[in-house]
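The block underneath contains the structure these notes are about, expressed in structure tokens.
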Amino acid sequence: MTHDLVPPPEAGGVLTIDLAALRANYQELARRVAPAVCAGVVKGDGYGIGLVQAATALWQAGARSFFVALLSEARSLREVLPEAEIFVLNGLFAGTEPTYRDLALRPVLGSVPEIERWRDFCASIGQALPAALHVDTGMNRLGVSPTEAINIAEGRDELGFPLVLVMSHLACADEPDHPLTAQQLEDFRAVAALFPDVRASLSNSAGAVSDPALHFDLVRPGIALYGGRPRADIAPLRPVVRLDLRIVQIRNVHEGQTVGYGGAHTALRPSRIAILSAGYADGIPRLAGASDLRPGAEAVVGGHRCPLIGRISMDLLAVDITDVPEFAVEAGGFATLLGEGLGLDDLARHSHTIDYEILTSLGRRYLRRWT
Ligand SMILES: *Cc1c(COP(=O)(O)O)cnc(C)c1O
């Protein structure tokens, strides 16, 4: 392992989170989307790297508006960022209204019943508390319909609370030129025009690195901040996570023998394999290893890229290190699964998943270091 600090003897895996890279990624995106404002999406425990650490770093980098999915996440965020504007995406659950008031949080209202619930709550306490309106333009997940948005706009005077953001969410912006993006843009333009005095927001990371027409007033990047690939054809910003795994032992395998559960991988030559101390219980996808039918992801061992082989176990995985010189690797040392040129999308692609899922599944058993 090429870093400075020697991990404690008991560490099986070491997750190093580069908060300077996170800050730099925020500043880069903020620069690219200006004059639109750049928010920070920190749901999913800050995409797996730690909500509090991520949000604090983003605040230091200049972010003032944040999006979380759940009220529990908003509560943690409020504790560390008393001044931040915090939006809660997953809707206004009945009975949670007083918490929004007490913590000065902004619900993202995505259905007529939610709007009515907020209006009634505001009336009952005699305060007009700000909220955001989510309008669906093609995701078919959350949000009122464009027709409902027209009704809401026409009844603005009776709404009973101020709208401070009108937003929608892109479904396919990670695929350049996907026709749904143009359709959503057109529909969202019409929606935003209904609320000319309210900030408008449409773009996730993919939208943030695409046509500036998608930016409106506020962009909501998540994955790009954390070093994921915002769009299939656009390189990631700086990597934020690095993952090093302990080499438990090194073994020899005869030609024709199989490795791991199900005998899914057969050694085609006399091989040396390293067994690493992490598995699917730590968020390494079970299908990340090569089988006889398809290639797998890679690890860097002793400076060499080596394939993961066989099915990933719960707590262990195997790497073929036959091509690594014997002096370059030893049991007790570390191999790198993320870092040293291996990106999130390398691991994701070979595991039939996406970098979002790799990040947000990063295990709780790793020794975590924020630098
Ligand atoms: C998760 C999410 C985002 C951020 O998406 P990325 O693709 O990670 O940039 C933005 N807006 C909404 C509504 C989301 O749910």
* Asked: Per-residue HN-Hα couplings for segment 301-306, Karplus 6.51 cos²θ - 1.76 cosθ + 1.60 at θ = phi - 60°, whole Hz, x for Gly and Pro?
  -> 10, x, x, 10, 7, 10
* To do: List the relative contact order of segment 262-349 as a percent without decimals, with contacts defined as Cα pairs under 8 Å and 6+ residues apart.
  => 32
* What shape does the chain have by the C-alpha gyration tensor, where a ≥ b ≥ c are the square roots of the eigenvalues, rounded means a/c under 1.5, and otherwise prolate means a/b greater than b/c and oblate the rest? -> prolate
* To do: Please report, as a whole percent, how much of the solvent-accessible surface of the chain comes from carbon and sulfur atoms (probe radius 1.4 Å).
  => 52
* Amide H contacts of Val166 (H built 1.01 Å from N, under 5 Å, at least 5 apart or other chain) -> Leu133, Arg199, Ala200, Ser201
* To do: Towards the positive end of the charge dipole of the chain, with charges on Cβ (+1 Lys, Arg; -1 Asp, Glu), say which of Asn204, Cys38, Pro295 has the farthest Cα.
  => Pro295
* Heavy-atom accessible area of Thr336 with all protein chains present, probe 1.4 Å, nearest 10 Å²? -> 10
* Asked: Among rounded, prolate and oblate, which fits segment 20-219 when a ≥ b ≥ c are the square roots of the eigenvalues of its C-alpha gyration tensor, a/c under 1.5 means rounded, and a/b larger than b/c means prolate?
  -> oblate
* Whole number in Å², please: accessible area per residue of segment 20-219, 1.4 Å probe, ligands, DNA and RNA not counted. => 41
* May I ask you to derive the relative contact order of segment 20-219, considering only C-alpha pairs under 8 Å and at least 6 residues apart, and to give it as an integer percent? => 17
* Over the chain, what relative contact order in percent results from Cα pairs under 8 Å that are six or more residues apart? -> 18
* Could you sort 245-252, 213-220 so that the peptide with the highest average Cβ count within 10 Å comes first and the rest follow in order? => 213-220, 245-252
* Asked: Residue-wise, which Karplus ³J(HN,Hα) couplings in Hz belong to segment 161-174, taking 6.51 cos²θ - 1.76 cosθ + 1.60, θ = phi - 60°, and x for glycine or proline?
  -> 7, x, 8, 10, 7, 10, 9, 9, 10, 7, 9, 9, 5, 6
* Return the loop-located trypsin sites (Lys or Arg not before Pro) in segment 126-217 (DSSP other than H, G, I, E, B) with at most 11 other Cβ atoms within 10 Å of their own Cβ; answer none if there are none. => Arg141
* Quote the charge dipole size of the chain about the Cα centre in Debye, to the nearest 20; the model charges only the Cβ of Lys and Arg (+1) and of Asp and Glu (-1). => 640
* Return one number: the angle in degrees, 0 to 90 and rounded to the nearest 10, between the long axis of the Cα atoms of helix 51-61 and the longest principal axis of the Cα atoms of the chain. => 70
* Asked: Relative to the longest principal Cα axis of the chain, at what angle does helix 179-194 sit, 0 to 90 degrees, rounded to 10?
  -> 30
* Per residue, what accessible area does segment 241-370 have, given a 1.4 Å probe and all protein chains present, in Å²? -> 46
* Using θ = phi - 60° and Karplus 6.51 cos²θ - 1.76 cosθ + 1.60, couplings along segment 365-371 (whole Hz; Gly, Pro as x) -> 8, 5, 6, 9, 10, 9, 10
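The values are calculated or read from the model by the stated rules, or taken from the named source; none is laboratory data. Everything quoted here is computed from the prediction, not taken from an experiment. Using ideal geometry, Cβ is built from the backbone for each residue, glycine included, and neighbour counts are taken over all protein chains shown. Ligands, DNA and RNA are stripped out before the accessible areas are found, and what is left, the full protein with its side chains, is counted by its heavy atoms. Shrake-Rupley method; radii C 1.70, N 1.55, O 1.52, S 1.80 Å.
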